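A short write-up of the structure that comes next.
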Amino acid sequence: MRSNQTRRSVAMLAGVCLAVVVSASACSSDSNAAAKFNHEKAAESAADFSKGGECTDNQNVSVQASDATITITGKCGEVHVAGTNLNVSVAQATALAVRGENNTISGDVWGPTSIEGVSISAEATSVGELVVSGKQTSIKTTKSSSLSITGEENVVDTGGTESVVVSGVGNSVTAATVSKLVEVTGSQNTITWTGGVEKPAKNEGVDNNFNR
């Protein structure tokens, strides 16, 4: 059974919505979303790790900075990263939320993960539910629970995942397996997978490409 902290993390991350530019305002979420993710509110009670540090006892931490290289070690709880031109290493987090522009995030094991902004690069061994909203974001992981991608020209490369849901223009997803669901809305999106479901359950738009 998930802890209360993990359930709160999933609820917050499920409500993340499109922000093609970092300053985009609120938009509607789907019926499964509990609330729109609010970085400032979520980070209020977190320890300030803007200069890095070591998490203890699933500590919640926050990074708000620019033009910096930051290393966060240990087993963290919720990790919130906001800023520009950041290079951040987060070893382990029960949940991760990243917002900003021109940021690079790396690590090992993350729970539910939200990436929102422009030109963000992230790489981890394993992530939980992955929600990407924005433009020209690049994500690489060997395993993810599910993928939800909204925006333009985002690229995700993953191993096995349960579902891929894409909305927008020019997004690309490559997965080793998709076990349950592929849905695409928009145009010029490309989904490539080698095992699992045989065809997309939904394809609304034009010039979307599916390679199975």
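Please treat every number below as a calculation from the coordinates, not as lab data. Remember, it's a predicted structure, so these values are computed and weren't measured experimentally. All Cβ positions, even for glycine, are placed from backbone atoms using ideal geometry, and neighbour counts span all protein chains on display.
Summary table below
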{"item": "Computed lengthening from residue 48 to residue 75, 0.36 nm per intervening residue step minus Cα-Cα distance", "result": "8.2 nm"}
{"item": "Given charges at beta-carbon only (K, R positive; D, E negative), |dipole| of segment 86-212 in Debye", "result": "180 debye"}
{"item": "Full-extension gain in nm, residue 56 to residue 180, via 0.36 nm per residue minus C-alpha separation", "result": "41.0 nm"}
{"item": "Whole-Hz ³J(HN,Hα) from phi, Karplus 6.51 cos²θ - 1.76 cosθ + 1.60, for segment 103-114, glycine and proline x", "result": "10, 10, 10, 9, x, 10, 10, 10, x, x, 10, 10"}
{"item": "Inter-centroid distance (Cα atoms) of segment 160-178 relative to segment 100-123, Å", "result": "17 Å"}
{"item": "Length-normalised contact order for segment 112-154 - Cα pairs under 8 Å, 6+ apart - percent", "result": "39 percent"}
{"item": "Inter-label distance for residue 188 and residue 108, nm, one decimal - labels placed 7 Å from Cα along Cα-to-Cβ", "result": "4.1 nm"}
{"item": "Residues with amide H under 5 Å from that of residue 50, placed H, sequence gap 5 or more", "result": "64"}
{"item": "Segment 95-166: radius of gyration and largest Cα-Cα distance (Dmax), Å", "result": "10.5, 29"}
{"item": "Computed log₁₀ I(q)/I(0) - Debye formula, equal Cα scatterers, no solvent, segment 134-212, q 0.12, 0.21, 0.25, 0.26 Å⁻¹", "result": "-0.25, -0.82, -1.19, -1.29"}
{"item": "FRET efficiency, residue 169 to residue 123 (Cβ-Cβ, R0 25 Å, nearest 0.05)", "result": "0.55"}
